[in-house]
């Protein structure tokens, strides 16, 4: 009885799709009959569909896939996937990989698909734009998709803004995120940092300070406004006199590399001050008590 109910539900879904031509055999679709299937919806065997090699999305939440699979078992595939036709028995996915994966988990043999013509560049563009429209993307995923549209589809900021219905400044702000250090990008990926936080942090020139500020923002759960105040606190512009006397400007290259390495290892700002006689000092900055304790642990770890 349960199986019959599912079959009836599946038929209902197919009836709703309306465009499906049950009389068209998938095995009979040849190039000369392309007009029969292009821009229509038909049932395609899952084995005939290959995934999009340009798919920008690389990870899929297993729990959400299982939930979607359970829904498909009961109701069928409500929204068709989009493919392009490569040959009589070969199609390439343009959009809908979650639905395709979930349908396989549900044990389906076929899936409703909207077929359209597309060359490789159009395929990349459609896949990227479809991916960007998803609501669950983090800011870095959006930024990477924007960058791929620039690199692989050769779109300008202006063209992207028009196609996506965004402002040009919005596109630029997202792309700036890719210049942030990995530690800050991680905060954006797990959504412990927002776009507002990232814009404030991106205004800091010192990468090590960017990392330190992002840690404090996350640890203290600071708002965007509090983050802006924190950035202002740590980034007072040096006077011309200070800039001129800054020992970092006169450091030999080997010392600068060592200074950068120490900053990277300790994840904080480190300054090497060297005098002409070879004497000097190493200054290690910390930004709060937790940061100090972290540095103490760093030196005690060996």
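Do you know which residues across the stretch 227-248 are at pLDDT 50 or above and either more than 22 Å from residue 202 (Cα to Cα) or in a helix (DSSP H, G or I) (or both)? Steps first, please.
Kept after step one, since they are at pLDDT 50 or above, are these residues of the stretch 227-248: 227-236.
Those that are at pLDDT 50 or above and either more than 22 Å from residue 202 (Cα to Cα) or in a helix (DSSP H, G or I) (or both): 227, 228, 229, 230, 231, 232, 233, 234.
Tell me the residue from 214, 192 that is under 15 Å from residue 269 (Cβ atoms) and touching a residue at least 12 places away in the same chain (Cβ under 8 Å), please. Spell out the reasoning first.
Numbers: 192 fails: under 15 Å from residue 269 (Cβ atoms).
One residue alone meets the criteria, 214.
Kindly state which helices (runs of 4 or more DSSP H) lie completely within the stretch 116-190 and contain at least 1 residues that are surrounded by 15 or more Cβ atoms within 10 Å (Cβ to Cβ) and at pLDDT below 80.
Details: elements: 120-132, 139-152, 157-164, 168-176, 182-189.
Result: 120-132, 139-152, 157-164.
Whether any residue in the stretch 23-39 is at pLDDT 65 or above and surrounded by 14 or more Cβ atoms within 10 Å (Cβ to Cβ) is what I want to check.
Within the stretch 23-39, not a single residue is at pLDDT 65 or above and surrounded by 14 or more Cβ atoms within 10 Å (Cβ to Cβ).
Tell me whether the stretch 53-63 contains one or more residues that are part of a helix (DSSP H, G or I), farther than 26 Å from residue 142 by Cβ, in the same structural domain as residue 115 (by TED's automatic domain parsing) and at pLDDT 70 or above. Even if it seems obvious, please write down each step before you answer.
Start the filter on the stretch 53-63 by keeping residues that are part of a helix (DSSP H, G or I), which leaves 62-63.
When the remaining residues are screened for being farther than 26 Å from residue 142 by Cβ, the result is none.
There is no residue in the stretch 53-63 that is part of a helix (DSSP H, G or I), farther than 26 Å from residue 142 by Cβ, in the same structural domain as residue 115 (by TED's automatic domain parsing) and at pLDDT 70 or above.
Looking at 102, 95, 70, which is the one that is modelled with pLDDT of 90 or more and surrounded by 20 or more Cβ atoms within 10 Å (Cβ to Cβ)?
Details: 95 fails: modelled with pLDDT of 90 or more; 70 fails: surrounded by 20 or more Cβ atoms within 10 Å (Cβ to Cβ).
Exactly one of 102, 95, 70 is modelled with pLDDT of 90 or more and surrounded by 20 or more Cβ atoms within 10 Å (Cβ to Cβ), namely 102.
The values are calculated or read from the model by the stated rules, or taken from the named source; none is laboratory data. Predicted, not measured: the structure shown is a model, and the values here were computed from it. Positions of Cβ are generated from backbone atoms using ideal geometry, with glycine treated the same way; all protein chains shown enter the neighbour counts.
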